[in-house]
Amino acid sequence: MPRLALVGAPNCGKTALFNALTGSRQKVGNYAGVTVERKVGSAITPAGRRVDIVDLPGTYSLRARSPDEEVTRDVVLGRHRAEPAPDLLLVVADSVSPQSGLRLAMELRKVGRPMILVMNMIDIARHRGIGIDIAGMARLIGVPVVAATAVRRGGQDELWRALDAALAEGLAAPGLNRWAEPDGAELRRIHREVSGLIAATVTEPARPDTRTARIDAVLLHPVWGLAVLLGLMFAMFQAVFTGAAPVMDLIGSAFDGLGALAGQALPRGLLLSFIQDAVIAGVGGVVVFLPQILILFLFILLLEDLGYMARAAFLMDRIMGGAGLHGRAFIPLLSSFACAIPGIMSARVIDSRRDRLTTILVAPLMTCSARIPVYTLIISAFIPARRVAGVFDLRGLVMFGLYAAGIAAALGVSFVAKRLFWRDRPAPPFMLELPDYKMPRLRDVAIGLMARAKMFLKRAGTTIFAMTVLIWVLATLPRPPDGATEPAIAYSFAAIIGHWIEPLMAPIGFNWQICMALVPGMAAREVAVSALGTVYAIQGDEGALGHSLSTHWSLATALSFLAWYVFAPQCVSTLAVIRREAGGARWMWLTFGYMFALAYAASFVVYNVAVALGWG
Ligand SMILES: Nc1nc2c(ncn2[C@@H]2O[C@H](COP(=O)(O)OP(=O)(O)OP(=O)(O)O)[C@@H](O)[C@H]2O)c(=O)[nH]1
Ligand SMILES: [Mg+2]
């Protein structure tokens, strides 16, 4: 089967095209560096030919400088371990600013593989009044050129026709690969050639578009821009708290109803306990947080599609640079708000190994969405729903503070890491292409939200469920001895394990229930919520978990628990990815060690200060 590879500069629409051609739903976003690994799909052309298509990370040249670009280079040159050399290169260029795409196309001609040049985003170019002489371009470059709109139905028709034409002729056997890393003279030659090509085939509009520049005058302004960024983040956390409540209540009462139903239908016993204490109080207790997670992602996805994220990176570059973080670390750290795993993987776009390692080291400190259930549970149980200064919701403020603590810790740790590990290094230059603003596409946002929801529910159904069952078993067995005076759970394995860890955690105010929840909580942070739900439900507490917590825990313990979750390395999958991406267990253990130490220290301080304030 013929294999096609999508190659092009970052953010030119390769993945959007991949999705359109193959019907896949890979992530697209309006910033450079969305795709960091290869993705394979297949498609059937209008003439009925099956082809495999590979989507690749964006790159400006085959002179790969970062791990994501190496993937593209290796696949294109046929050096990739797991990927056969492509039979045809679909070289994608952005019609609105075609220089970088055309330069890459010129370089790729040397590889000697058949190729089709796709001038993508032709819809925007036309709208702006940019004219492109497609036929003239094809003549000058000597390969087929087609115009395309990746995101519109029917926007790929010309490409399909060109593909079928190329396949019908039978793809030419690859010619000689004459590619060598271009030197200065070669780069200048390519630059001249592309300038000539553009002069001959691209006409600029009579009136240049100034909208982007006008918006950027505000959003990139050192004062106004930062104010907008802060305001956006703030609005996000307020919305997470206030917007989700009605839906959460609905899900919560649905689970309560199920519990009551089970209580009527089943006799008292182990099965009923399993359903009420493990499934409903445990897993159900985590699932209610889905609306909050989706609201957070709605914000992030909209801002990503709008083209705002690269601007935010630009604004943060000064602050991040002061802390020793590369400007390119912004997107990986931002992705870590979703989950540290894709965040750590997107650090592949950073070319210097040291900068990449620093980013990987601090990424788990960014507040991932798995912490949302933990934070919300504790905040709702212990922080009153009060207005501050008339407008702010106190709970939203605390949430904002926890996120801010994570960010501050990331900046602090990278500052220290830079001083400790690689002191004598000049600050690397940060080049960033600011994408054009685009209206977010509802379909993409909806797909993104669905993907998130699916991922969350899948976790709830697998990892979290499995861990909750484990907790339920440990909290139920062994049965109490005859004549037992205390509640049954006091004799269980859970209590034994919890009491065993308790002395270590007593200085930070953790009781045995928390201690025991932390162990399976390594599988995923939300497990802490389901584990506590199950333990307190088995213990015989009626009603919502938040209510049990506020009767059994002191405020000092609750605050200490929050502080713990800001820093603690409570996620084995993250640690495993760090090991893989950093290339060694050393970095994984380093991350585990420093996060554990930070968590313990922070909880210790928070607990003792709170006790001193009389909140013990
Ligand atoms: N209007 C319009 N928007 C497009 C078109 N193609 C892509 N986009 C948008 O452009 C942005 C970038 O698209 P992606 O497909 O993620 O770009 P990419 O080349 O895969 O980017 P990297 O993976 O970062 O290299 C997204 O916001 C897309 O929705 C197009 O033909 N027309
Ligand atoms: Mg992509």
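The set of residues in the range 111-131 being surrounded by fewer than 17 Cβ atoms within 10 Å (Cβ to Cβ) and in contact with a Leu (Cβ under 8 Å, 6 or more places away or on another chain) consists of Gly112 alone. Filtered by the rule that a residue be assigned to a helix (DSSP H, G or I) and open to solvent by 40 Å² or more (accessible area, probe 1.4 Å), the range 252-268 gives Ser253, Ala254, Phe255, Asp256, Leu258, Ala260, Leu261, Gln264, Ala265.
The number of residues in the range 304-326 being open to solvent by 30 Å² or more (accessible area, probe 1.4 Å) and aliphatic (A, V, I, L, M) comes to 3.
I'm trying to understand the selection: among the residues of the range 2-32, which are under 28 Å from Pro174 (Cα atoms) and aromatic (Phe, Trp, Tyr)? Result: Phe18, single match.
Within the range 447-456, the set of residues being over 13 Å from Lys27 (Cβ atoms) and open to solvent by 50 Å² or more (accessible area, probe 1.4 Å) comprises just one member, Lys454.
Of all residues in the range 17-49, how many are over 17 Å from the mean Cα position of the chain (by Cα), within 11 Å of ligand 1 (Cβ to nearest atom) and either open to solvent by less than 20 Å² (accessible area, probe 1.4 Å) or closer than 17 Å to Ala162 by Cβ (or both)? Of the residues in the range 17-49, 3 are over 17 Å from the mean Cα position of the chain (by Cα), within 11 Å of ligand 1 (Cβ to nearest atom) and either open to solvent by less than 20 Å² (accessible area, probe 1.4 Å) or closer than 17 Å to Ala162 by Cβ (or both). What are the residues in the range 115-140 that are part of a strand (DSSP E or B) and either free of Cβ contacts under 8 Å to residues at least 40 places away in the same chain or within 16 Å of ligand 2 (Cβ to nearest atom) (or both), if any? Matches in the range 115-140: Met115, Leu117, Val118, Met119, Asn120.
One residue alone among Ala404, Ala389 is within 23 Å of Gly231 (Cα to Cα) and either modelled with pLDDT of 90 or more or in contact with a Leu (Cβ under 8 Å, 6 or more places away or on another chain) (or both), and that residue is Ala404. Of note, Glu193 does not satisfy the criterion of being more than 14 Å from ligand 1 (Cβ to nearest atom), open to solvent by 40 Å² or more (accessible area, probe 1.4 Å) and either in contact with a Gly (Cβ under 8 Å, 6 or more places away or on another chain) or within 28 Å of Gly23 (Cβ to Cβ) (or both).
Can you say whether Ile464 is under 30 Å from Val34 (Cα atoms) and in contact (Cβ under 8 Å) with a residue 12 or more places away in the chain, as far as the supplied structure shows? Considered against the rule, which asks whether it is under 30 Å from Val34 (Cα atoms) and in contact (Cβ under 8 Å) with a residue 12 or more places away in the chain, Ile464 comes out as yes. Residue selection: Arg479 fails the criterion of being basic (Lys, Arg), under 29 Å from Ile379 (Cα atoms) and either open to solvent by less than 50 Å² (accessible area, probe 1.4 Å) or not assigned by the TED database to the domain that holds Leu325 (or both). Checking each residue in the range 152-180 for being farther than 20 Å from Pro114 by Cα and either open to solvent by less than 70 Å² (accessible area, probe 1.4 Å) or touching a Leu at 6+ places or on another chain (Cβ under 8 Å) (or both) picks out Gly154, Gly155. Residue pairs whose Cβ atoms lie under 6 Å apart, sitting 6 or more positions apart in sequence or on different chains, and linking a residue in the range 325-337 that is under 12 Å from Ala410 (Cα atoms) and of a type outside the set (Gly, Ala, Ser) to a partner that is open to solvent by 10 Å² or more (accessible area, probe 1.4 Å) and outside any helix (DSSP H, G or I), are Leu333/Met366. Could you grab me the full set of residues in the range 567-587 that are over 17 Å from Arg348 (Cβ atoms) and not polar (S, T, N, Q)? Selection gives Phe567, Ala568, Pro569, Cys571, Val572, Leu575, Ala585, Arg586.
Quick one: which residue in Gly8, Gly48, Gly33 is in contact with a Leu (Cβ under 8 Å, 6 or more places away or on another chain) and not assigned by the TED database to the domain that holds Ile331?
Among Gly8, Gly48, Gly33, only Gly8 is in contact with a Leu (Cβ under 8 Å, 6 or more places away or on another chain) and not assigned by the TED database to the domain that holds Ile331.
The values are calculated or read from the model by the stated rules, or taken from the named source; none is laboratory data. Bear in mind the structure is a predicted one, so any value in this text is a computation, not a measurement. Methodologically, a virtual Cβ is constructed for each residue, glycine included, from the backbone with ideal geometry; neighbour enumeration extends over all protein chains shown. These area figures cover heavy atoms from the full protein model, side chains too; ligands, DNA and RNA do not enter into them. Shrake-Rupley method; radii C 1.70, N 1.55, O 1.52, S 1.80 Å.
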